[in-house]
1. Sort 102, 262, 334, 324 so the one with the fewest other Cβ atoms within 10 Å of its own Cβ comes first.
2. Determine the principal axes of the Cα atoms in segment 268-364, then give the extent along each, sorted from largest to smallest and rounded to whole angstroms.
3. Contour minus end-to-end for residue 21 and residue 358, with contour as 0.36 nm per residue of separation and end-to-end as the Cα-Cα distance?
4. Considering only C-alpha atoms, what is the centroid distance from segment 20-70 to segment 294-352, in Å?
5. Using only the alpha-carbon atoms, how far is helix 330-347 inclined from the longest principal axis of the chain? Give it as 0 to 90 degrees, nearest 10.
6. Across bins of 5 angstrom width beginning at 0, how are the C-alpha pair distances of segment 77-147 distributed, in whole percent?
7. According to the Cα gyration tensor, what semi-axes, each the square root of 5 times an eigenvalue, does the equivalent ellipsoid of segment 37-99 have, listed from largest to smallest in whole Å?
8. Using a 10 Å cut-off around each Cβ, can you sort 183, 280 from fewest to most neighbouring Cβ atoms?
């Protein structure tokens, strides 16, 4: 089933979400972009993965005349009840403080996006702050999630509404002419929710995918791992349906980002992933709507241990390897800048004949 705004109310059920269909990007365009790269006066595959990544972007957009000048950064903001268990250094007030700076364009991601000419779209999808923040898109599902150590983080209906919200925001971006979307997030405690979701989806030990987040001592890291492991066992999440995993131990930001990833596939817009939270959302999206991963680009190899397993499951290769762990979407925005540089070579072609040299040929 194709997505349609007229069928928006249908998306309030798990069943209708699973009936959606994503067609594959155009393989002929992919090959055409690679041939265009080979005609540029440089060594074959000289720009490495940037050549294949841009070919994927062309295939997604349906053209070898690639233009990603209209860029958006969708930043899902939400609070997580699990912070009550002492799994983070700071409290939910930090979420509000950072999002206020995002709204002004003065947070880290705002400064980087402004330099690039990308528009930031912070979204309140589940912050505990009840007051509306000017400059933040109000799509609040609930004022934060429950403490999943005690009870499921949210209801199934809330999780589905959050997914639908992400899809609808991508639809709106497409209508406004955006050609590529980067993902970001803000929410204290979301490396715990993402680690819990990742462990359940990947059927691996919580200790293998849980990191220090913004910075934890050895003792508190051990506690964080135990909290996640106990929850997975309590709710029987290994092998569970992905949406049940999401609403049991996930976050509203993760749910919204899963919708953004799905929206990329539904509306043929490339989605640039940031770190572990958006990668966890991406794997959820792929499990719910197979084929979504073909529309995703992994920006960087972050420090959280789940990243390696998630990218392997998604069959994606992060481009940047700089040990980044800032969040907000900063890695994804940095990737956008690198794509711009690669595409300036692609668009402003210097041919072999321009340089009076013989074109390289492929053998084998």
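A short reminder: the numbers here are calculations on the coordinates, not readings from a lab. As the structure is a prediction and not an experimental result, all values here were calculated from the model. Every residue, glycine as well, gets a Cβ built from its backbone with ideal geometry; the counts of neighbours run over all protein chains shown.
1. 324, 334, 102, 262
2. Its Cα atoms span 50, 29, 26 Å along the three principal axes.
3. That works out to 116.8 nm of additional length.
4. So the two Cα centres are separated by 15 Å.
5. Between the helix axis and the principal axis of the chain, the angle is about 10 degrees.
6. For segment 77-147, the pair-distance distribution reads 4, 17, 25, 21, 16, 11, 4, 1.
7. Equivalent ellipsoid of segment 37-99: 43, 15, 10 Å, largest first.
8. Ranking 183, 280 by Cβ neighbours within 10 Å, fewest first, gives 183, 280.
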